[in-house]
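*Asks:* Structure provided below as structure tokens; questions to follow.
All of the numbers you see were taken from the coordinates with simple rules; none came from a lab. Computed from a predicted model, the values in this text were never measured in an experiment. Note that we place each Cβ from the backbone using ideal geometry, even for glycine, and neighbour counts take in every protein chain shown.
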Amino acid sequence: MYRTSFGITTNMSLAASAWIADNAKSLGVDGIWVGEDIGRGHDILALTTAMVLRARGVRVGTAIIPVTVHDITALARAGRTLNELAEGNFVLGIGIGGMQDIRNLGIALDKPVTALQETVKILRKLWAGESVTAESELFKLKDYSLGLRRPLSLRVFLGIRGPQMLRLAARIADGVVLSGPIAYLEYAIRIIRNEATRTGRDPESIEKVVWVPTIPTFKEGDIAASKKVIALVVADTPDQVINLTDVDRKQVELIRSSVRDEGPSQGAAYVTEEIVETFSVTGDSTHVVDQFDIMARAGATEIVIGPPFSGDWRAAATEILQEIAARKRTIT
């Protein structure tokens, strides 16, 4: 059966993140993923360090750190440190970053696939103990080295969407972090499997982590309060993913323009029930886990229970995890 993890973001309160870290092991989760809300909330590397230190024995990963806003040498050194602190139980998840955030920062890449590929290549060279001279759209290094006495083995996951990025991940990544409607997840995992097979990799060796906003509507979970997050998700979702769904395209454009011009709070006004159901996991604990099971059948190897959290989300998350554990027992 699939692994289960918690997802947190830098814009959450430290109290909420600390509760998750402190209770992760007793609740039976397999990991914690830390996502960066660019320019908002806490520092992602500091927050990830706190999760590693508080959630001993639980895998911790970043999902994701945008390489467009972080220096590659800082990522290389952070990966080294976090891997050592976590005793090898750390995953560096990286990607280009959300379209809205990157656009707002005035960042544009001519060749994003190549830029991400070069970043992974150079990070692995540095962790192998090499001295690197290299240049790309995102970095320029001259005779740079981490000064390692022995090589590091560090897993790299990619948070990606488009077909070219998916094929890249199938060739070079240890895992992927995916988000989107079920139809898209099936499409994305099929591309990854096909490309892995074509290039001689075992498709099952690539972990497939699915992180979709989780909105339990029991324990006072509030969909209305969560629509801001869904509006941002929809605004960041490319047309090729939207086209795999049946959602109203006019509504999508209203959300996109509102988020772009006025922010997620205004875009939330155009998030319909259909869009909520397409781009998030909602319902009581049984229905939420039913949706997780569908994702697993699509090929997900790990499901993330992630924000937006509302109402008594601690009790809701506990009940969801109890339902997952009960189903695992029936399988075994």
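*Asks:* Angle check, please: helix 182-198 long axis (alpha carbons) against the longest principal axis of the chain (alpha carbons), in degrees 0 to 90, nearest 10.
*Replies:* 30 degrees
*Asks:* Note down the magnitude of the dipole of the stretch 20-129 about its Cα centre, charges +1 on Lys and Arg C-beta and -1 on Asp and Glu C-beta and zero elsewhere, to the nearest 20 debye.
*Replies:* In total the dipole reaches around 240 debye.
*Asks:* Rounded, prolate or oblate: pick one for the stretch 62-144, where a ≥ b ≥ c are the square roots of the eigenvalues of its C-alpha gyration tensor, a/c under 1.5 means rounded, and failing that, prolate if a/b is larger than b/c, else oblate.
*Replies:* oblate
*Asks:* Follow-up. Below 8 Å, C-alpha to C-alpha, sequence gap of six or more: please give me the relative contact order for the stretch 177-332 in percent.
*Replies:* 35 percent.
*Asks:* Dipole size in debye (nearest 20) for the stretch 252-332 around its Cα centre, Lys and Arg Cβ +1, Asp and Glu Cβ -1?
*Replies:* So the dipole magnitude of the stretch 252-332 works out to roughly 400 debye.
*Asks:* Then there is this: Relative contact order (percent) for the chain, with alpha-carbon contacts under 8 angstrom and 6 or more residues of separation?
*Replies:* Normalised by residue count, the contact order of the chain is 17 percent.
*Asks:* Mind checking which lysines have their Cα closer than 21 Å to the Cα of K227? Skip sequence neighbours fewer than 8 apart in that chain.
*Replies:* Straight-distance partners of K227: K219, K250.
*Asks:* Taking the dipole about the Cα centre of the stretch 1-126, with the C-beta of Lys and Arg at +1 and of Asp and Glu at -1, give me whichever of L105, H70, T4 is farthest to the positive side.
*Replies:* Of the listed residues, the answer is T4.
*Asks:* Using alpha-carbon positions, what is the distance between the centroids of the stretch 265-331 and the stretch 138-168, in Å?
*Replies:* That distance is 31 Å.
*Asks:* Moving to a separate point now. Whole-Hz Karplus ³J(HN,Hα) for the stretch 213-230, in order, using 6.51 cos²θ - 1.76 cosθ + 1.60 and θ = phi - 60°, x for Gly and Pro?
*Replies:* Once θ is set to phi - 60°, the couplings for the stretch 213-230 become x, 10, 10, x, 8, 9, 6, 6, x, 10, 5, 4, 6, 9, 5, 4, 5, 5 Hz.
*Asks:* Same structure again: Name the residue farthest towards the positive end of the dipole of the stretch 2-48 from the options G41, V29, L14, assuming +1 on Cβ of Lys and Arg, -1 on Cβ of Asp and Glu, about the Cα centre.
*Replies:* Value: V29.
*Asks:* What does the helix-only formula give at 222 nm for the chain: each DSSP H stretch with n ≥ 4 adding -39500 (n - 2.57), the total divided by the residues, and the result rounded to the nearest 500 deg cm²/dmol?
*Replies:* -15000 deg cm²/dmol
*Asks:* Hey, can you grab everything whose amide H is under 5 Å from the amide H of G159? Only 5+ residues off in sequence or another chain; H modelled, so Pro and N-termini drop out.
*Replies:* I94, G95, V177
*Asks:* Right, next: What are the ³J(HN,Hα) couplings of the stretch 52-63, residue after residue, when phi is run through the Karplus curve with 6.51, -1.76, 1.60 and θ = phi - 60°? Round to Hz, x for glycine and proline.
*Replies:* After applying 6.51 cos²θ - 1.76 cosθ + 1.60, I find 4, 6, 8, 10, 3, x, 10, 5, 10, x, 9, 8 Hz.
*Asks:* Same structure, new question: How far is helix 285-298 tilted off the main Cα axis of the chain, in degrees rounded to 10, range 0 to 90?
*Replies:* 50 degrees
*Asks:* Name the residue farthest towards the positive end of the dipole of the stretch 235-332 from the options F279, T237, V304, assuming +1 on Cβ of Lys and Arg, -1 on Cβ of Asp and Glu, about the Cα centre.
*Replies:* Of the listed residues, the answer is V304.
*Asks:* Continuing with the same structure: How large is the dipole of the chain about the Cα centre if only Lys and Arg carry +1 and Asp and Glu carry -1, each at its Cβ, rounded to the nearest 20 debye?
*Replies:* 1160 debye
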